[in-house]
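The values are calculated or read from the model by the stated rules, or taken from the named source; none is laboratory data. Here the structure is a predicted model, which means the values were calculated and not measured. Here Cβ is always computed from backbone atoms with ideal geometry, including for glycine, and neighbour counts include all displayed protein chains.
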């Protein structure tokens, strides 16, 4: 059986050989922008939107590394074309595209000044690890507030998707220490909730769906997808300031993210949301999402998770 490939700086190579130099600012400073995509039926899902956001992130963070959208599109399609043949037909790929900011001048010295803008551009894939979230469609997930704040927008624009993740590692450790199995949701210093380490949050009360305002959070592709689906189901969708109290008294709470699409939150700060089980609005939304992609998302996750185990 052939080995998986990756696309690195303009070339398709054996994925096992893909590497970032130790002097790259992606390593030295955590300076890289990234996109996480997935396939449905072995086709990249909402590829155009992901690539547009990546290019926007490069502009917002003023990276010097040069790459164009069409090149990245070709790279994604080449990686998928090869690597989907290495997994069962009903399994899917996760795809990562990332671009680093350049090279560290201190390591290069004056003679290397002309190389500092030459960062790493890479696209690689992996079989989606459905076993990590398949149970959450029926059991839900747990969230907890923590003391770690989000990065201030004055330092890093929240619209940029990047790999500066140290604060998220600290936040999720604190959440697990407070409530076993929980993930963190961050809040600003004035108590407004933002997002989780993996995605956006939505609060449901009756037919009203609310989510933190654009500009205070990363505008997830799955966030946009859920809003589109909810509006087609005649739900009222609002961007709003949300607090911990809003989550505590919600009928249902959801999070969205590329690998799992949408998952219910059944406990918050150790207490059940509603009756502590996935609610009817979640069921409607995941069913509509499944219909839109031609795949039963929950069934696929459960089947693939069982097979991978």
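Some observations on this one:
- Check on residue 63, closer than 25 Å to residue 166 by Cβ, out of contact with any helix residue (DSSP H, G or I) (no Cβ under 6 Å at 6 or more places or on another chain), in a strand (DSSP E or B) and touching a residue at least 24 places away in the same chain (Cβ under 8 Å): no
- The single residue among 33, 20 that is surrounded by 15 or more Cβ atoms within 10 Å (Cβ to Cβ), in contact (Cβ under 8 Å) with a residue 40 or more places away in the chain, assigned to a loop (DSSP other than H, G, I, E, B) and in the same structural domain as residue 61 (by TED's automatic domain parsing) turns out to be 20.
- Only one entry of 149, 89 meets the criterion of being in a loop (DSSP other than H, G, I, E, B) and more than 28 Å from residue 53 (Cα to Cα), and that entry is 89.
- Where strands (runs of 3 or more DSSP E) fall wholly inside the range 199-281, no range has 2 or more residues that are under 21 Å from the mean Cα position of the chain (by Cα), closer than 26 Å to residue 37 by Cβ and free of Cβ contacts under 8 Å to residues at least 12 places away in the same chain.
- Which listed residue, of 94, 85, 112, is at pLDDT below 95 and surrounded by fewer than 18 Cβ atoms within 10 Å (Cβ to Cβ): 112
- Evaluation of residue 134 against the conditions (1) in a loop (DSSP other than H, G, I, E, B); (2) at pLDDT 95 or above; (3) over 27 Å from residue 283 (Cβ atoms) shows that the sole unmet condition is (3).
- Any chance residue 138 is over 18 Å from residue 50 (Cβ atoms), exposed (fewer than 14 other Cβ atoms within 10 Å of the Cβ) and touching a residue at least 12 places away in the same chain (Cβ under 8 Å): yes
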